[in-house]
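Colleague: Pasting a structure below so you can have a look.
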Number of protein chains: 2
Amino acid sequence: MRMLINVPETVVADALRGMAAAHPELTVDVENRVVVRRDAPVAGKVGLVSGGGSGHEPLHAGFVGPGMLSAAAPGEVFTSPVPDQMVRAAAAVDSGQGVLFIVKNYTGDVLNFDMAAELAEDEGVRLAKVVVDDDVAVTDSTFTAGRRGTGATLFVEKIAGAAAEEGAPLERVEAIARRVNERSRSFGVALSSVTTPAKGTPTFDLPPGRLELGIGIHGEPGREQRGMMTSREIADFAVDAVLEDRPPTGPVLVLVNGMGGTPLLELYGFNAEVQRRLKERRVAVARTLVGNYVTSLDMAGCSVTVCQVDEELVRLWDAPVRTAALRWGL
Amino acid sequence: MRMLINVPETVVADALRGMAAAHPELTVDVENRVVVRRDAPVAGKVGLVSGGGSGHEPLHAGFVGPGMLSAAAPGEVFTSPVPDQMVRAAAAVDSGQGVLFIVKNYTGDVLNFDMAAELAEDEGVRLAKVVVDDDVAVTDSTFTAGRRGTGATLFVEKIAGAAAEEGAPLERVEAIARRVNERSRSFGVALSSVTTPAKGTPTFDLPPGRLELGIGIHGEPGREQRGMMTSREIADFAVDAVLEDRPPTGPVLVLVNGMGGTPLLELYGFNAEVQRRLKERRVAVARTLVGNYVTSLDMAGCSVTVCQVDEELVRLWDAPVRTAALRWGL
């Protein structure tokens, strides 16, 4: 236990109170656990709602704001939010132009967002949904049928968010979100286990000096455990895994993501190796983002996400965004 | 060892190569270890140069860009940069309007920046210097005569950077930097030790379930070790320590800073308690920033920095900034 908390039961509510205090540009409903950009609903604009278990911050609430999500619904740590949260979020952001749900592919999330979609549609909200499933490490993991949704969620939320901000209609925003997901692949590596507040001890066993290749963002098993590898070897393994699954035929957007417990100094060093490997594999890089964005509490480790982009996707990536965790041009 | 590195000897160079790849808006001289905004020197603008040991990322290189630092000189992990780095940085950013060195108060940094200032002045650069010493925990610590420089460095770099960007002359930029430092106080808490790449094992002893109050950003001893405290109790202790040292007579800027290994979820929860305590103490909060900004590699823990602001300082804080780690309005 080395946690900065009061009691495990209030971790999410405490964090939402802290977000509210730090970000007056957000409307934070602590009781009902919905984070909404303050100017929602924005007239003529499609709403974007995402959500999922807490513990992956800044995902998703840190991505709420102009140019990205309209609202986020945080669940308990590593636990899906309940449908009522997404229904409230959809109602809060719908301007009449409809709402897109962005859902990471975990069984609980998919079920709860589906139920929320039915309920919101009953209330007259036009809804579309995209499920993010970019993780090439394994299929049918602990909490997932099919592939897990990880780093590509950031790409989908940013790029679809930019399209919505420009005034694209729901069908178009949905199509762009799907396009980003289809062109994205991720692979993650754990250098330590992860400790949830409720459990207080590591959720899986990873002896010192070992790492797990293909880890999920909740500590779900990857492909294999190995003895320690260098940054260079890990980059080769991760980059090759994503390129093998979907060989790019054009330039890519790269996310070198920290799992939360790995210092930024190391992440930048890892990025050097990722870029080297991409160059060796003759993949052109359009843009790179390095940092802790799709995390797993205090887990040490990293993931690599690549998304093959075209001119439109690069333009939407570059478009202004103003959220707690991702900001430029506004 | 759970590090994402190649070998300890290349950690800083690897990170600089990774920064260069991710940030084409920076000129990164990997060999000489200087990070400069690409458009430097900016005509008519005072240059701002900072630097210090690596391992505190995003400080300082992550704060180079329009509206903040002109250049940064990263040393080895937890080791001062050498004078030649700061001389190169000063030469690269001086437009003829002079250069301000922003130095955290550690003996090695102060000596090396002083030597660099003499050398740069010999080359015709007009130089001023401000030493940041905001940490109220202890005086005359392991690496420091007087108080340590910690979280206030971010405030000084942002606010003085904004003044320089507006075209303020050197004397004015220096005066503002001094004003920010004089009005800033910090207090940090460690929930775990820190492991440097060179050593590979924790640099100090902090048994599980214990914390250290008043820790430095290199793991220097604080005031005392204690058994585990709640987020609420830690906030009370830290806020009271900074307010006692300099009772504010007006609104404050607040930095709730993570040491690197504490999840953002917990930092936001901690912010809720910091804000509660400030309110109980009748201190008005003008702005709040929450995140990992002045870190200590993988150390779990946090620090609180408050700076009493006036209208001018708030305006300069809000002014546009575009760096790797802090961005708004550009």
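The values are calculated or read from the model by the stated rules, or taken from the named source; none is laboratory data. The structure displayed is predicted, hence computed values, not measured ones. Glycine gets a Cβ as well: all are built from the backbone with ideal geometry, and neighbour counts include every protein chain shown.
Every residue, every condition in (1) within 8 Å of chain A (Cβ to nearest Cβ); (2) small (Gly, Ala, Ser), yes or no:
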residue: B:250; (1), (2): no, yes
residue: B:261; (1), (2): yes, yes
residue: B:265; (1), (2): yes, no
residue: B:283; (1), (2): no, no
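Colleague: In segment A:270-284, what residues are farther than 12 Å from residue A:252 by Cα and surrounded by fewer than 23 Cβ atoms within 10 Å (Cβ to Cβ)?
Modeller: A:276, A:277, A:280, A:281
Colleague: Show me the strands (runs of 3 or more DSSP E) entirely contained within segment A:1-82 in which 3 or more residues are within 14 Å of chain B (Cβ to nearest Cβ) and under 25 Å from residue A:257 (Cα atoms).
Modeller: Details: elements: A:26-29, A:34-37, A:47-54, A:71-77.
Hits in segment A:1-82: A:47-54, A:71-77.
Colleague: Being in contact with a Lys or Arg (Cβ under 6 Å, 6 or more places away or on another chain), modelled with pLDDT of 95 or more and of a type in the set (Lys, Arg) narrows it down to one of A:226, A:246, so name that one.
Modeller: A:246
Colleague: Which residues, counting only those in segment B:99-124, are part of a loop (DSSP other than H, G, I, E, B) and buried (at least 24 other Cβ atoms within 10 Å of the Cβ)? Quick ask: steps written out before the conclusion?
Modeller: Pass one, segment B:99-124, residues part of a loop (DSSP other than H, G, I, E, B): B:105-106, B:123-124.
The answer is B:106, and nothing else.
Colleague: Here's another thing I want to ask about it. Restricting to segment A:190-202, count the residues that are assigned to a loop (DSSP other than H, G, I, E, B) and either under 21 Å from the mean Cα position of the chain (by Cα) or of a type in the set (Phe, Trp, Tyr) (or both).
Modeller: 6
Colleague: So which of A:220, A:165, A:224 ends up being without any contact (Cβ under 8 Å) to a residue 40 or more places away in the chain and not aromatic (Phe, Trp, Tyr)? Spell out the reasoning first.
Modeller: Values: A:220 fails: without any contact (Cβ under 8 Å) to a residue 40 or more places away in the chain; A:165 fails: without any contact (Cβ under 8 Å) to a residue 40 or more places away in the chain.
Exactly one of A:220, A:165, A:224 is without any contact (Cβ under 8 Å) to a residue 40 or more places away in the chain and not aromatic (Phe, Trp, Tyr), namely A:224.
Colleague: Related question: What are the residues in segment B:285-315 that are crowded, with 23+ Cβ neighbours inside 10 Å and polar (S, T, N, Q), if any?
Modeller: B:292, B:295, B:296, B:303, B:305
Colleague: Restricted to segment A:174-208, and to residues that are of a type in the set (A, V, I, L, M) and over 13 Å from residue A:309 (Cα atoms), which residue is surrounded by the most Cβ atoms within 10 Å (Cβ to Cβ)?
Modeller: A:190
Colleague: While we're looking at this one, here's another question. If you go through segment B:215-235 one residue at a time, how many are of a type outside the set (S, T, N, Q), surrounded by 22 or more Cβ atoms within 10 Å (Cβ to Cβ) and at the interface with chain A (Cβ under 9 Å from one of its Cβ atoms)?
Modeller: Residues meeting the conditions: 1.
Colleague: In addition: Checking residue B:127 against (1) under 19 Å from the mean Cα position of the chain (by Cα); (2) without any contact (Cβ under 8 Å) to a residue 60 or more places away in the chain; (3) surrounded by 17 or more Cβ atoms within 10 Å (Cβ to Cβ), which test does it fail?
Modeller: The single condition residue B:127 does not satisfy is (1).
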